[in-house]
Amino acid sequence: MTASAADILARAALPVLQRFPPETAHALGLRGLRAMQRFWKSPPFPANLATEICGLHFAHPLGLAAGFDKNGAYLDALGALGFSHIEVGTVTPRPQPGNPRPRLFRLRHIDALLNRMGFNNKGADYVAAGMQRSAYRGIRGVSIGKNADTPLDRAADDYVECLRKLYAVADYFAINVSSPNTQRLRELQAPEALADIILPLQQERERLGKMHGKRVPLFVKISPDLDGDGFRDLCATMKRHRVDGVIATNTTTGSQTLRAMAKDLGSGGFSGAPLAQGAVGILVELRREMGEEFPIIATGGIMDGEQALGRLRAGANLLQVYTGFVYRGPALLTEILAALPHVAD
Ligand SMILES: Cc1cc2nc3c(=O)[nH]c(=O)nc-3n(C[C@H](O)[C@H](O)[C@H](O)COP(=O)(O)O)c2cc1C
């Protein structure tokens, strides 16, 4: 069975899944993918789509964003669809339940989701063991964060503990300091706070690198809601401390209009189409601030092939999808991969 057969099956399954509450649909969808995974066979990717970032070989630019496979339990099933990379997590040192349900909402009429999951995950040990068992051959990113009950001034300990526990199974780490759903987490984007996390992580990486014989790059995932000064400070901090790359962006707490539209649903981060414009703006600014060579992974509102192409043309090295994949399933991968060769034109 080919990836296009996966598209057809998914096209039939998606309307059924969307009758369930979003989090139930997510769990059912993942289980369905796993049940069918041995039947998929993603087609070989054109060699001109391959790209090398920080010494890592990506078969093509398109990956799955963090939060879809929180525990790295579905790497094989998701990998079989053809993602070049999958970002597992966000993982915290200790398991935690996340926020009370409901905490994930569809805003179908505007191609968006609202979530306040709050890093629900089974903890770093569990995730590391599962990833060890996986046969996924693409690039494995691991997004790391702090437990909800860890005070902000001890956050670095949590990030370092995750690094230690997951180093052997990770190809890159994403330092998540931008989720709106863990109280005060975004304060960790401020220059001193970020340096206080990056420096111990780099020190520990030095030690682990020798032990494991590999240097795992550290990327920072940023918020789309920073103001101009906050953004420039963040860029300066990433430059000063030689961060390996950036993932832009996480979900947005939204404009007033967007918040008004979803006021009955409570707080959270918006993803999908309403995020696109802001995410592109940040991508363009990042490329300008950080220079030509700096690795940038673009995510936020990539809902079709045209958006994907636009991000690459605006300077992204890699792309990640989440909400578009929720609504469109594997057909989105097919469309984006078909659109990409035109980059070479
Ligand atoms: C339900 C849900 C859970 C998410 N969980 C995480 C997470 O744990 N860590 C993270 O870095 N980003 C998380 N994200 C953000 C996505 O990785 C992505 O940055 C964002 O949704 C923008 O991409 P999109 O518009 O394609 O969805 C989550 C998004 C959604 C919708």
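The values are calculated or read from the model by the stated rules, or taken from the named source; none is laboratory data. Please read these numbers as outputs of a predicted model, since none were measured by experiment. Every residue, glycine among them, receives a Cβ derived from its backbone with ideal geometry; neighbour counts consider all protein chains shown. For the accessible areas, the whole protein counts, side chains as well, though only heavy atoms, and no ligand, DNA or RNA atoms are used. Shrake-Rupley method; radii C 1.70, N 1.55, O 1.52, S 1.80 Å.
Karplus-based coupling profile of the range 258-271, in residue order and whole Hz: 5, 5, 5, 5, 10, 5, 6, 8, x, 7, x, x, 8, 10, with θ = phi - 60° in 6.51 cos²θ - 1.76 cosθ + 1.60 and x standing for Gly or Pro.
For the range 200-301, the relative contact order comes to 30 percent (Cα pairs under 8 Å, sequence separation of at least 6). Bridging of Lys165 to lysines at a Cα separation below 22 Å is possible for Lys70, Lys122, Lys146, Lys210, Lys214, Lys221, once same-chain residues fewer than 8 apart are set aside. Report the antiparallel proportion of the DSSP beta bridges in the range 189-345 as a percent, rounded to a multiple of 5. Antiparallel: roughly 10 percent of the beta bridges in the range 189-345.
For Thr90, the residues 5 or more places off, or on other chains, whose built amide H falls under 5 Å of its own are Gly67. Each residue was assigned an accessible area with a 1.4 Å probe, and for Met261 the value is about 100 Å².
Inter-part distance, the range 296-319 to the range 264-285, computed on C-alpha centroids, equals 14 Å.
Couplings 3J(HN,Hα) for the range 207-217, derived from phi with the Karplus relation 6.51 cos²θ - 1.76 cosθ + 1.60 (θ = phi - 60°), are 5, 5, x, 5, 5, 9, x, 8, 9, 8, x Hz, where x marks Gly and Pro.
In the chain, the DSSP beta bridges split such that about 30 percent are antiparallel, to the nearest 5. The relative contact order of the range 7-68 comes to 15 percent, based on Cα pairs under 8 Å that sit 6 or more residues apart.
Magnitude of the charge dipole for the range 31-144, about its Cα centre and with charges confined to Cβ atoms of Lys, Arg (+1) and Asp, Glu (-1), is about 540 debye. On the protein heavy atoms, probe 1.4 angstrom, tell me the percent of accessible surface of the chain carried by carbon and sulfur. Carbon and sulfur together cover 53 percent of it.
Classified by the C-alpha gyration tensor, the range 11-106 has an oblate form. Its axis ratio a/c, with a ≥ b ≥ c, is 1.5 or above, and a/b does not exceed b/c. About its Cα centre, the dipole of the chain is roughly 980 debye, where the only charges are +1 on Lys and Arg Cβ and -1 on Asp and Glu Cβ. For the range 274-345, the C-alpha radius of gyration divided by 2.2 N^0.38 Å, with N the number of residues, is 1.07. Between the alpha-carbon centres of the range 121-170 and the range 46-98 there is a gap of 14 Å. The residue list Pro224, Pro330, Ala316 was ranked by how far each Cα lies along the charge dipole of the chain toward its positive end, using unit charges on Cβ atoms, and Pro330 comes out on top.
Working value for the chain: equivalent-ellipsoid semi-axes of 27, 23, 22 Å, each the square root of 5 times a Cα gyration tensor eigenvalue, largest first. Calculated accessible area for the chain comes out at 44 Å² per residue, all protein chains present (probe 1.4 Å; ligands, DNA, RNA ignored).
Where both bridge residues fall in the range 51-162, DSSP classifies roughly 55% of the beta bridges as antiparallel.
Dividing the mean sequence gap of close Cα pairs (under 8 Å, 6+ apart) by how many residues the chain holds gives a relative contact order of 17 percent. Along the range 234-250 the Karplus relation, 6.51 cos²θ - 1.76 cosθ + 1.60 evaluated at θ = phi - 60°, assigns HN-Hα couplings of 5, 4, 4, 5, 5, 5, 4, 9, 6, 4, 7, x, 9, 10, 10, 9, 7 Hz to successive residues, with x for each Gly and Pro.
Ranking Lys70, Lys210, Lys221 from most to least accessible surface, computed with a 1.4 Å probe over the protein chains only, gives Lys210, Lys70, Lys221.
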